[in-house]
Amino acid sequence: MRSSLILVLVVKTAAAFSAMSMTGSASKIKSFTFGAGCFWAPADKIKKKDGILSTSVGYCGDDSISSTPNYEYVCSGRTKLVEAVRVEYDSEKLSFDDLLKMFDEVNTAEWGNKRQYEGVIFTQSDKDAQIAASFLQNNRKVVAKVEPMSKVYFKAENYHQDYWAKWRTRIPLLILTLAVGGKFGGDYSQTIYNTICYAFIGFTLLERKFDTNVDKVIVGKD
């Protein structure tokens, strides 16, 4: 009986420490959202930075939207939505100042861009808003403004996620396939070439047509 009680205590203690560890791990993960021009390149660049845990691209900056938008609707200019990059980062490794410097490095926005491609630092607290405003004041060349984070972030269609990573694989594969078809196709080389190109274009169009799910994320305060 005594050994059983000891075993129960050991198990409960281990579970408690595990829960504490998970809570501590979760608490150090925070999010940062920004607009930096077209979202593909900035998302690709910032995900390689140390301390960045994950990235996604989507749309935010307009709480008047009542229904879930798609890419075409955002491009229409009928909303105030911005193409945004949302990152999760380790707050024990990165400060908000570090994130602002990273934002500056990956920002492709230009003055005069339409709303969709504006440079925007979305903040989730008054303190972060003050830090961001001071950063822009001291770095006048940074093309951006500060806005409070919208209540909703719409994670974009899957074909936008990890966009350049996908195409860094697809383009070499296409070139290799064309080269092999040209070398071994003989009299049918041109036909093979055309078929491969049309198939590639068709795949891209079908991906955009059917991969249309947009996830609605309710944004909390960090």
- Can you sort 118, 207, 83, 72 so the residue with the fewest Cβ neighbours within 10 Å comes first? 72, 207, 118, 83
- Note on the structure: The helix 189-210 Cα axis meets the longest alpha-carbon principal axis of the chain at an angle in degrees, between 0 and 90 and rounded to 10, of 40 degrees
- Could you give the distance between the Cα centres of segment 34-50 and segment 157-200, to the whole Å? 26 Å
- Query: Tilt of helix 163-184 relative to the longest C-alpha principal axis of the chain, in degrees (0 to 90, nearest 10)?
  - Reply: 30 degrees
- Query: How far is helix 96-106 tilted, in degrees, relative to the longest principal axis of the Cα atoms in the chain, given as a value from 0 to 90 rounded to the nearest 10?
  - Reply: 0 degrees
- Can you list residues whose amide H is under 5 Å from residue 215's amide H, if they're 5+ apart or on another chain and H is modeled 1.01 Å from N? 155
- Query: If each of residue 115 and residue 175 carries a label point 7 Å out from its Cα toward its Cβ, how far apart are those two points in nm?
  - Reply: 4.0 nm
- Search the structure for amide H atoms under 5 Å from the amide H of residue 123, placed 1.01 Å from N in the peptide plane, and list their residues when 5 or more places away or on another chain. 147, 149
- Message: Compute and list, largest first, the equivalent-ellipsoid semi-axes of the chain from the alpha carbon gyration tensor, each √(5λ) rounded to a whole angstrom.
- Response: 39, 29, 18
- Among 167, 111, 40, which comes first, second and so on when ranked by fewest other beta-carbon atoms within 10 Å? 111, 167, 40
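With the cut-off at 28 Å, tell me which of the pairs 47/127; 28/48; 47/183; 127/166 have Cα atoms farther apart than that.
In this structure, 47/183; 127/166 lie more than 28 Å apart at Cα.
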- Note on the structure: Computed ³J(HN,Hα) along segment 112-118: with the Karplus parameters 6.51/-1.76/1.60, θ = phi - 60°, integer Hz and x for glycine or proline, the list is x, 4, 5, 3, 3, 10, 5
- Note on the structure: Along segment 46-59, Karplus-curve 3J(HN,Hα) (6.51, -1.76, 1.60; θ = phi - 60°) to the nearest Hz, with x for Gly and Pro, reads 6, 5, 8, 6, 5, x, 7, 8, 7, 9, 8, 10, x, 10
- Item | Relative packing of peptides 137-149, 194-206 - highest average C-beta neighbours within 10 Å first | 137-149, 194-206
- Note on the structure: Long-range amide H partners of residue 36, meaning residues 5 or more apart or on another chain whose placed amide H is closer than 5 Å, are 85, 120
- Message: At 222 nm, what value in deg cm²/dmol follows for the chain if DSSP H runs of at least 4 each add -39500 (n - 2.57) and the sum is divided by all its residues, to the nearest 500?
- Response: -15500 deg cm²/dmol
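Based on the Cβ-Cβ distance of residue 164 and residue 203, what FRET efficiency does E = 1/(1 + (r/R0)^6) give at R0 = 22 Å, to the nearest 0.05?
0.80
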- Message: Can you tell me which of 64, 56, 150 moves the most in a GNM of the chain? Springs connect C-alpha atoms under 10 Å apart.
- Response: 64
- Ordered by fewest other Cβ atoms within 10 Å, a rough proxy for footprinting exposure, 29, 218, 192, 65 read 218, 29, 192, 65
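None of the figures in this text is laboratory data; all of them are computed from the coordinates on show. This is a predicted model, so every value here is computed, not measured. Reconstructed Cβ throughout: ideal geometry from the backbone, glycine too, with neighbour counts over all protein chains shown.
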